[in-house]
1. Restricting to the stretch A:210-219, name every residue that is in contact (Cβ under 8 Å) with a residue 60 or more places away in the chain, surrounded by 16 or more Cβ atoms within 10 Å (Cβ to Cβ) and not charged (D, E, K, R).
2. Among the listed residues A:Pro144, A:Pro167, identify the single one that is within 12 Å of DNA strand C (Cβ to nearest atom) and surrounded by fewer than 19 Cβ atoms within 10 Å (Cβ to Cβ).
3. A:Ile327 passes all but one of (1) at pLDDT below 95; (2) surrounded by 17 or more Cβ atoms within 10 Å (Cβ to Cβ); which number fails?
4. Would you tally the residues in the stretch A:309-368 being outside any helix (DSSP H, G or I) and either of a type outside the set (Ser, Thr, Tyr) or under 26 Å from A:Asn277 (Cα atoms) (or both)?
5. Assess whether A:Thr267 counts as being at pLDDT 95 or above, under 34 Å from the mean Cα position of the chain (by Cα), of a type in the set (S, T, N, Q) and within 16 Å of DNA strand B (Cβ to nearest atom).
6. Can you name the residue in the stretch A:82-130 that is closer than 18 Å to A:Leu71 by Cβ and of a type in the set (Phe, Trp, Tyr) and, of all such residues, is farthest from DNA strand B (Cβ to nearest atom)?
7. How many residues, within the stretch A:304-318, are under 19 Å from A:Lys360 (Cβ atoms) and among the basic types (Lys, Arg)?
8. Step by step: first the residues of the stretch A:174-202, then only those that are more than 16 Å from DNA strand B (Cβ to nearest atom) and closer than 14 Å to A:Leu158 by Cβ, then the one that is surrounded by the most Cβ atoms within 10 Å (Cβ to Cβ). Which residue is that?
Amino acid sequence: MNHQELHTTNFPILEFQQNLLTWYKENHRKLPWRESRDPYRIWVSEIMLQQTRVDTVIPYYNNFIEKFPELKDLAEAEPEQVMKAWEGLGYYSRVMNLQTAVKEVRERFDGIVPRTPEGISSLKGVGPYTAGAVLSIAYGVPEPAVDGNVMRVLSRILLIDEDIAKPKTRKTFEKAVRELISHEDPSSFNQALMELGAIICTPRSPACLVCPVQNECRAFAEGRQQELPVKTKKTKVKTVNMSAVIAYDEAGRLIIHKRPETGLLATLWEFPNVEANAVSDTARSNEAQAYIYEQSGAEISIKGKIGYIEHVFSHLKWKIDVWEAEIKKLPDELPEDWRLLSVEDTEKLAFPVSHQKMIKLVKEAILL
DNA sequence: TAACCGTGGGA
DNA sequence: TTCCCAAGGTT
(Lines give C-alpha, C1' and ligand atoms only; values in the text may rest on other atoms or scores of the structure.)
Protein backbone atom coordinates (compact mmCIF):
# COMPACT_ATOMS: atom_id res chain seq x y z
CA MET A 1 0.00 0.00 0.00
CA ASN A 2 1.11 3.51 -0.77
CA HIS A 3 2.17 5.27 2.41
CA GLN A 4 0.17 8.35 1.41
CA GLU A 5 -3.07 6.36 1.65
CA LEU A 6 -2.73 5.79 5.40
CA HIS A 7 -5.58 7.40 7.29
CA THR A 8 -3.12 8.35 10.05
CA THR A 9 -0.78 10.36 7.81
CA ASN A 10 -0.12 13.75 9.43
CA PHE A 11 -2.26 12.77 12.42
CA PRO A 12 -0.94 13.88 15.87
CA ILE A 13 -0.67 10.38 17.33
CA LEU A 14 1.14 11.13 20.59
CA GLU A 15 -1.13 14.03 21.45
CA PHE A 16 -4.19 11.89 20.71
CA GLN A 17 -2.92 9.01 22.88
CA GLN A 18 -2.14 11.27 25.80
CA ASN A 19 -5.47 13.12 25.75
CA LEU A 20 -7.43 9.89 25.36
CA LEU A 21 -5.57 7.99 28.09
CA THR A 22 -5.67 10.86 30.58
CA TRP A 23 -9.39 11.22 30.04
CA TYR A 24 -9.92 7.47 30.44
CA LYS A 25 -7.95 7.23 33.67
CA GLU A 26 -10.05 10.00 35.23
CA ASN A 27 -13.48 9.23 33.79
CA HIS A 28 -13.91 5.53 33.11
CA ARG A 29 -16.84 3.71 34.65
CA LYS A 30 -16.29 1.22 37.45
CA LEU A 31 -17.50 -2.05 35.94
CA PRO A 32 -17.38 -5.53 37.51
CA TRP A 33 -15.07 -6.98 34.86
CA ARG A 34 -12.64 -4.11 35.34
CA GLU A 35 -11.85 -5.32 38.85
CA SER A 36 -9.91 -8.30 37.54
CA ARG A 37 -7.24 -9.04 34.95
CA ASP A 38 -8.09 -12.73 34.94
CA PRO A 39 -8.20 -13.53 31.21
CA TYR A 40 -11.10 -15.91 31.80
CA ARG A 41 -13.21 -13.16 33.41
CA ILE A 42 -12.27 -10.63 30.74
CA TRP A 43 -13.21 -13.23 28.15
CA VAL A 44 -16.61 -13.92 29.74
CA SER A 45 -17.37 -10.20 29.81
CA GLU A 46 -16.38 -9.72 26.19
CA ILE A 47 -18.63 -12.54 25.01
CA MET A 48 -21.55 -11.18 27.05
CA LEU A 49 -20.99 -7.66 25.74
CA GLN A 50 -21.26 -8.72 22.09
CA GLN A 51 -24.21 -6.75 20.70
CA THR A 52 -25.44 -6.27 24.26
CA ARG A 53 -25.64 -3.18 26.48
CA VAL A 54 -23.43 -2.76 29.54
CA ASP A 55 -26.42 -2.26 31.84
CA THR A 56 -27.95 -5.51 30.63
CA VAL A 57 -24.72 -7.45 31.07
CA ILE A 58 -23.78 -6.37 34.62
CA PRO A 59 -26.21 -8.61 36.56
CA TYR A 60 -25.62 -11.55 34.21
CA TYR A 61 -21.86 -11.18 34.58
CA ASN A 62 -21.99 -11.08 38.38
CA ASN A 63 -24.24 -14.13 38.53
CA PHE A 64 -22.19 -16.03 35.95
CA ILE A 65 -18.90 -15.43 37.78
CA GLU A 66 -20.53 -16.40 41.07
CA LYS A 67 -21.67 -19.69 39.49
CA PHE A 68 -18.49 -20.28 37.49
CA PRO A 69 -15.67 -18.34 39.21
CA GLU A 70 -12.82 -20.00 37.33
CA LEU A 71 -12.30 -21.41 33.87
CA LYS A 72 -12.38 -24.96 35.13
CA ASP A 73 -15.76 -24.41 36.80
CA LEU A 74 -17.31 -23.51 33.47
CA ALA A 75 -15.51 -26.33 31.69
CA GLU A 76 -16.90 -28.90 34.13
CA ALA A 77 -20.43 -27.48 34.43
CA GLU A 78 -23.59 -29.09 33.06
CA PRO A 79 -24.55 -27.38 29.77
CA GLU A 80 -28.13 -26.91 30.99
CA GLN A 81 -26.88 -25.05 34.06
CA VAL A 82 -24.69 -22.88 31.87
CA MET A 83 -27.58 -22.11 29.54
CA LYS A 84 -29.79 -21.27 32.53
CA ALA A 85 -27.24 -18.63 33.56
CA TRP A 86 -27.49 -17.14 30.07
CA GLU A 87 -31.31 -17.26 29.88
CA GLY A 88 -32.65 -13.96 28.56
CA LEU A 89 -29.32 -12.62 27.28
CA GLY A 90 -29.89 -13.77 23.70
CA TYR A 91 -27.54 -15.06 21.01
CA TYR A 92 -27.37 -18.34 22.89
CA SER A 93 -24.71 -19.94 20.72
CA ARG A 94 -22.29 -17.52 22.39
CA VAL A 95 -22.37 -19.40 25.66
CA MET A 96 -22.31 -22.87 24.13
CA ASN A 97 -19.27 -21.82 22.08
CA LEU A 98 -17.71 -20.36 25.23
CA GLN A 99 -18.04 -23.61 27.12
CA THR A 100 -16.66 -25.53 24.16
CA ALA A 101 -13.74 -23.09 24.06
CA VAL A 102 -12.83 -23.26 27.76
CA LYS A 103 -12.74 -27.04 27.49
CA GLU A 104 -10.40 -26.60 24.55
CA VAL A 105 -8.17 -24.32 26.64
CA ARG A 106 -7.78 -27.11 29.18
CA GLU A 107 -7.08 -29.75 26.56
CA ARG A 108 -4.87 -27.85 24.15
CA PHE A 109 -3.39 -25.00 26.21
CA ASP A 110 -2.86 -26.56 29.64
CA GLY A 111 -5.70 -24.51 31.12
CA ILE A 112 -4.08 -21.16 30.26
CA VAL A 113 -5.97 -18.78 27.96
CA PRO A 114 -3.55 -18.39 25.04
CA ARG A 115 -1.71 -15.08 24.77
CA THR A 116 -1.05 -15.11 21.04
CA PRO A 117 -3.43 -13.94 18.28
CA GLU A 118 -3.17 -17.32 16.55
CA GLY A 119 -3.85 -19.29 19.72
CA ILE A 120 -6.79 -17.32 21.03
CA SER A 121 -8.35 -16.89 17.58
CA SER A 122 -8.46 -20.66 17.18
CA LEU A 123 -11.02 -20.90 19.99
CA LYS A 124 -14.71 -21.32 19.24
CA GLY A 125 -16.61 -18.04 19.30
CA VAL A 126 -13.48 -15.87 19.48
CA GLY A 127 -13.42 -13.58 16.46
CA PRO A 128 -11.10 -10.68 15.63
CA TYR A 129 -12.67 -8.27 18.13
CA THR A 130 -12.75 -10.64 21.11
CA ALA A 131 -9.23 -11.88 20.37
CA GLY A 132 -7.85 -8.35 20.45
CA ALA A 133 -9.90 -7.37 23.48
CA VAL A 134 -8.77 -10.28 25.66
CA LEU A 135 -5.15 -10.06 24.51
CA SER A 136 -4.90 -6.33 25.16
CA ILE A 137 -6.98 -6.07 28.33
CA ALA A 138 -5.81 -9.21 30.11
CA TYR A 139 -2.27 -9.54 28.76
CA GLY A 140 -1.31 -6.05 27.58
CA VAL A 141 -0.68 -7.19 24.02
CA PRO A 142 -0.92 -4.26 21.53
CA GLU A 143 -3.57 -5.80 19.28
CA PRO A 144 -6.54 -3.88 17.83
CA ALA A 145 -10.00 -4.56 19.29
CA VAL A 146 -12.30 -3.03 16.71
CA ASP A 147 -15.97 -3.03 17.64
CA GLY A 148 -18.83 -0.75 16.66
CA ASN A 149 -17.66 1.95 19.09
CA VAL A 150 -14.16 2.01 17.69
CA MET A 151 -15.40 2.23 14.10
CA ARG A 152 -17.73 5.08 14.99
CA VAL A 153 -15.11 7.01 16.98
CA LEU A 154 -12.32 6.58 14.46
CA SER A 155 -14.55 7.21 11.47
CA ARG A 156 -15.10 10.66 12.93
CA ILE A 157 -11.62 11.38 14.22
CA LEU A 158 -9.89 10.24 11.04
CA LEU A 159 -12.76 11.16 8.70
CA ILE A 160 -13.16 7.65 7.28
CA ASP A 161 -16.33 7.28 5.20
CA GLU A 162 -16.23 3.57 4.38
CA ASP A 163 -19.52 1.75 5.08
CA ILE A 164 -19.08 0.16 8.52
CA ALA A 165 -21.87 -2.31 7.72
CA LYS A 166 -19.50 -4.01 5.25
CA PRO A 167 -17.38 -6.78 6.83
CA LYS A 168 -14.15 -5.78 5.05
CA THR A 169 -14.31 -2.27 6.48
CA ARG A 170 -13.17 -3.56 9.87
CA LYS A 171 -9.71 -4.18 8.42
CA THR A 172 -9.35 -0.50 7.59
CA PHE A 173 -9.92 0.38 11.23
CA GLU A 174 -7.64 -2.38 12.50
CA LYS A 175 -4.88 -0.91 10.40
CA ALA A 176 -5.57 2.55 11.84
CA VAL A 177 -5.55 1.20 15.42
CA ARG A 178 -2.18 -0.45 14.82
CA GLU A 179 -0.84 3.00 13.97
CA LEU A 180 -2.51 4.72 16.91
CA ILE A 181 -2.35 2.22 19.77
CA SER A 182 -0.28 2.98 22.88
CA HIS A 183 2.40 0.32 23.36
CA GLU A 184 2.80 1.43 26.96
CA ASP A 185 -0.84 0.69 27.82
CA PRO A 186 -2.73 -1.17 25.10
CA SER A 187 -5.39 -2.25 27.61
CA SER A 188 -6.37 1.29 28.57
CA PHE A 189 -6.04 2.50 24.99
CA ASN A 190 -8.50 -0.02 23.56
CA GLN A 191 -10.92 0.38 26.44
CA ALA A 192 -10.64 4.16 26.19
CA LEU A 193 -11.68 4.13 22.53
CA MET A 194 -14.75 2.08 23.42
CA GLU A 195 -15.49 4.13 26.54
CA LEU A 196 -15.32 7.32 24.51
CA GLY A 197 -17.79 5.84 22.05
CA ALA A 198 -20.13 4.82 24.86
CA ILE A 199 -20.04 8.08 26.83
CA ILE A 200 -19.01 10.94 24.53
CA CYS A 201 -18.84 9.96 20.88
CA THR A 202 -22.32 8.43 20.80
CA PRO A 203 -24.23 7.46 17.63
CA ARG A 204 -26.57 10.47 17.66
CA SER A 205 -25.67 13.89 19.01
CA PRO A 206 -22.10 13.22 20.15
CA ALA A 207 -20.93 15.42 23.04
CA CYS A 208 -18.15 17.08 21.06
CA LEU A 209 -18.01 20.12 23.34
CA VAL A 210 -16.70 18.01 26.22
CA CYS A 211 -14.69 15.56 24.14
CA PRO A 212 -11.10 15.06 25.29
CA VAL A 213 -9.89 14.61 21.71
CA GLN A 214 -11.95 17.34 20.10
CA ASN A 215 -8.71 19.02 18.99
CA GLU A 216 -7.61 15.93 17.08
CA CYS A 217 -11.01 15.20 15.53
CA ARG A 218 -11.13 15.82 11.79
CA ALA A 219 -14.91 15.46 11.60
CA PHE A 220 -15.41 18.08 14.31
CA ALA A 221 -13.03 20.42 12.51
CA GLU A 222 -15.26 20.20 9.45
CA GLY A 223 -18.56 20.02 11.35
CA ARG A 224 -19.28 16.61 9.84
CA GLN A 225 -19.55 14.47 12.99
CA GLN A 226 -23.27 13.88 12.41
CA GLU A 227 -22.59 12.39 8.96
CA LEU A 228 -20.34 9.67 10.34
CA PRO A 229 -20.07 6.78 10.48
CA VAL A 230 -21.53 5.77 7.13
CA LYS A 231 -23.70 2.71 7.75
CA THR A 232 -26.16 1.17 5.30
CA LYS A 233 -29.53 0.05 6.58
CA LYS A 234 -30.73 -3.45 7.18
CA THR A 235 -33.67 -5.05 5.41
CA LYS A 236 -36.98 -5.47 7.19
CA VAL A 237 -37.64 -8.61 9.21
CA LYS A 238 -39.90 -11.41 8.03
CA THR A 239 -43.08 -12.30 9.91
CA VAL A 240 -43.95 -15.90 10.80
CA ASN A 241 -47.32 -17.00 12.14
CA MET A 242 -47.12 -19.69 14.81
CA SER A 243 -49.32 -21.85 17.01
CA ALA A 244 -48.02 -22.81 20.46
CA VAL A 245 -49.75 -25.26 22.77
CA ILE A 246 -49.86 -25.38 26.56
CA ALA A 247 -50.91 -28.96 27.15
CA TYR A 248 -51.27 -30.34 30.70
CA ASP A 249 -52.32 -33.57 32.38
CA GLU A 250 -54.48 -34.13 35.50
CA ALA A 251 -51.48 -33.43 37.73
CA GLY A 252 -50.94 -30.08 36.03
CA ARG A 253 -47.73 -31.14 34.33
CA LEU A 254 -46.91 -29.42 31.05
CA ILE A 255 -45.51 -30.89 27.83
CA ILE A 256 -42.29 -29.19 26.77
CA HIS A 257 -39.84 -29.72 23.93
CA LYS A 258 -36.09 -29.15 23.67
CA ARG A 259 -35.05 -27.26 20.55
CA PRO A 260 -32.38 -28.70 18.22
CA GLU A 261 -28.63 -28.29 18.87
CA THR A 262 -28.22 -25.75 16.08
CA GLY A 263 -30.11 -22.79 14.71
CA LEU A 264 -32.50 -20.36 16.35
CA LEU A 265 -32.64 -20.61 20.17
CA ALA A 266 -30.61 -23.82 20.01
CA THR A 267 -31.05 -26.26 22.93
CA LEU A 268 -33.52 -24.07 24.80
CA TRP A 269 -36.80 -25.55 26.04
CA GLU A 270 -40.13 -24.43 24.60
CA PHE A 271 -43.81 -25.23 24.49
CA PRO A 272 -44.55 -27.24 21.37
CA ASN A 273 -45.19 -24.93 18.45
CA VAL A 274 -45.52 -25.05 14.69
CA GLU A 275 -45.73 -22.60 11.87
CA ALA A 276 -49.41 -21.80 11.30
CA ASN A 277 -50.21 -22.15 7.63
CA ALA A 278 -53.96 -22.76 7.75
CA VAL A 279 -56.38 -19.87 7.53
CA SER A 280 -59.02 -20.66 10.15
CA ASP A 281 -58.54 -21.08 13.89
CA THR A 282 -60.01 -24.58 13.77
CA ALA A 283 -57.64 -25.69 11.05
CA ARG A 284 -54.69 -24.15 12.87
CA SER A 285 -55.46 -25.93 16.14
CA ASN A 286 -55.76 -29.17 14.19
CA GLU A 287 -52.33 -28.55 12.65
CA ALA A 288 -50.84 -28.04 16.09
CA GLN A 289 -52.52 -31.11 17.53
CA ALA A 290 -51.27 -33.25 14.64
CA TYR A 291 -47.74 -31.90 15.04
CA ILE A 292 -47.61 -32.81 18.72
CA TYR A 293 -48.88 -36.32 18.07
CA GLU A 294 -46.44 -36.92 15.23
CA GLN A 295 -43.44 -35.63 17.15
CA SER A 296 -44.13 -36.89 20.68
CA GLY A 297 -46.87 -39.50 20.43
CA ALA A 298 -49.02 -37.55 22.89
CA GLU A 299 -52.73 -37.23 22.18
CA ILE A 300 -54.22 -33.94 23.24
CA SER A 301 -57.53 -32.14 23.09
CA ILE A 302 -57.36 -28.43 22.42
CA LYS A 303 -59.76 -26.39 24.53
CA GLY A 304 -59.26 -22.92 23.13
CA LYS A 305 -57.06 -19.91 22.62
CA ILE A 306 -55.69 -18.33 25.78
CA GLY A 307 -53.36 -15.70 24.42
CA TYR A 308 -51.50 -13.99 21.64
CA ILE A 309 -47.80 -13.15 21.73
CA GLU A 310 -45.64 -11.10 19.41
CA HIS A 311 -41.90 -11.52 19.64
CA VAL A 312 -39.31 -9.72 17.55
CA PHE A 313 -35.87 -11.16 16.82
CA SER A 314 -33.03 -9.46 15.01
CA HIS A 315 -34.08 -10.97 11.69
CA LEU A 316 -37.66 -12.19 12.10
CA LYS A 317 -40.90 -11.69 13.96
CA TRP A 318 -43.10 -14.34 15.52
CA LYS A 319 -46.84 -13.88 15.85
CA ILE A 320 -47.97 -16.67 18.12
CA ASP A 321 -51.46 -17.86 18.98
CA VAL A 322 -51.28 -19.71 22.29
CA TRP A 323 -53.66 -22.63 22.76
CA GLU A 324 -54.70 -24.46 25.92
CA ALA A 325 -55.07 -28.24 25.75
CA GLU A 326 -55.62 -31.32 27.90
CA ILE A 327 -53.42 -34.35 27.54
CA LYS A 328 -55.68 -37.31 26.74
CA LYS A 329 -53.12 -40.07 26.29
CA LEU A 330 -49.35 -40.31 26.60
CA PRO A 331 -47.05 -42.73 24.78
CA ASP A 332 -45.30 -45.40 26.91
CA GLU A 333 -42.21 -43.29 26.69
CA LEU A 334 -41.72 -39.73 25.43
CA PRO A 335 -38.88 -39.05 22.99
CA GLU A 336 -35.62 -37.71 24.49
CA ASP A 337 -36.31 -34.11 23.58
CA TRP A 338 -39.80 -34.11 25.07
CA ARG A 339 -40.61 -33.89 28.77
CA LEU A 340 -43.44 -33.47 31.29
CA LEU A 341 -42.77 -30.66 33.72
CA SER A 342 -44.56 -29.04 36.64
CA VAL A 343 -45.07 -25.28 36.40
CA GLU A 344 -42.68 -24.69 39.32
CA ASP A 345 -39.94 -26.67 37.60
CA THR A 346 -39.99 -24.35 34.58
CA GLU A 347 -37.66 -22.22 36.70
CA LYS A 348 -34.97 -24.87 36.48
CA LEU A 349 -34.72 -24.97 32.69
CA ALA A 350 -33.82 -22.26 30.19
CA PHE A 351 -36.67 -20.91 28.04
CA PRO A 352 -36.47 -18.14 25.43
CA VAL A 353 -38.18 -14.89 26.36
CA SER A 354 -41.05 -15.60 23.97
CA HIS A 355 -41.86 -18.74 25.95
CA GLN A 356 -41.33 -17.07 29.30
CA LYS A 357 -44.28 -14.94 28.26
CA MET A 358 -46.25 -18.18 27.83
CA ILE A 359 -45.25 -19.36 31.30
CA LYS A 360 -46.70 -16.13 32.58
CA LEU A 361 -49.90 -16.89 30.66
CA VAL A 362 -50.07 -20.32 32.28
CA LYS A 363 -49.72 -18.87 35.74
CA GLU A 364 -52.34 -16.21 35.10
CA ALA A 365 -54.88 -17.99 32.91
CA ILE A 366 -54.74 -21.66 33.84
CA LEU A 367 -53.68 -21.91 37.45
CA LEU A 368 -56.22 -19.40 38.71
C1' DT B 1 -20.89 -11.34 0.91
C1' DA B 2 -25.01 -11.59 3.25
C1' DA B 3 -27.96 -14.05 6.12
C1' DC B 4 -28.46 -15.91 10.44
C1' DC B 5 -28.41 -15.49 15.44
C1' DG B 6 -31.90 -12.34 20.79
C1' DT B 7 -33.14 -8.96 23.63
C1' DG B 8 -34.47 -4.61 25.74
C1' DG B 9 -33.90 0.38 25.70
C1' DG B 10 -34.34 4.87 23.81
C1' DA B 11 -35.48 8.47 20.31
C1' DT C 1 -45.37 2.55 16.55
C1' DT C 2 -41.33 2.05 14.34
C1' DC C 3 -36.77 2.23 13.90
C1' DC C 4 -32.05 1.93 15.34
C1' DC C 5 -29.24 0.28 18.11
C1' DA C 6 -25.22 -2.50 21.77
C1' DA C 7 -18.02 -4.16 23.61
C1' DG C 8 -19.73 -9.75 16.97
C1' DG C 9 -19.19 -14.54 15.27
C1' DT C 10 -20.36 -18.26 12.21
C1' DT C 11 -21.62 -20.13 7.96
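The values are calculated or read from the model by the stated rules, or taken from the named source; none is laboratory data. Since we're looking at a predicted model, the values are computed, not measured. Here the Cβ is made from the backbone with ideal geometry for all residues, glycine too, and neighbour counts use every protein chain on show.
1. Taking the stretch A:210-219 as the starting set, the residues that turn out to be in contact (Cβ under 8 Å) with a residue 60 or more places away in the chain are A:212-213, A:215-219.
From the residues that got through so far, the ones that are surrounded by 16 or more Cβ atoms within 10 Å (Cβ to Cβ) too are A:212-213, A:216-219.
Within the stretch A:210-219, A:Pro212, A:Val213, A:Cys217, A:Ala219 meet the criteria.
2. Values: A:Pro144 fails: surrounded by fewer than 19 Cβ atoms within 10 Å (Cβ to Cβ).
So the residue among A:Pro144, A:Pro167 that is within 12 Å of DNA strand C (Cβ to nearest atom) and surrounded by fewer than 19 Cβ atoms within 10 Å (Cβ to Cβ) is A:Pro167.
3. Evaluating A:Ile327 over (1) at pLDDT below 95; (2) surrounded by 17 or more Cβ atoms within 10 Å (Cβ to Cβ) leaves (1) as the failure.
4. Applying the first criterion (outside any helix (DSSP H, G or I)) to the stretch A:309-368 yields A:309-343, A:349-352, A:367-368.
Narrowing further to those that are either of a type outside the set (Ser, Thr, Tyr) or under 26 Å from A:Asn277 (Cα atoms) (or both): A:309-341, A:343, A:349-352, A:367-368.
Residues in the stretch A:309-368 being outside any helix (DSSP H, G or I) and either of a type outside the set (Ser, Thr, Tyr) or under 26 Å from A:Asn277 (Cα atoms) (or both): 40 in total.
5. Values: at pLDDT 95 or above: yes; under 34 Å from the mean Cα position of the chain (by Cα): yes; of a type in the set (S, T, N, Q): yes; within 16 Å of DNA strand B (Cβ to nearest atom): yes.
When the stated conditions are applied, A:Thr267 passes them.
6. Among residues in the stretch A:82-130 that are closer than 18 Å to A:Leu71 by Cβ and of a type in the set (Phe, Trp, Tyr), the one farthest from DNA strand B (Cβ to nearest atom) is A:Phe109.
7. Residues meeting the conditions: 1.
8. Only one residue tops the list, namely A:Leu193.
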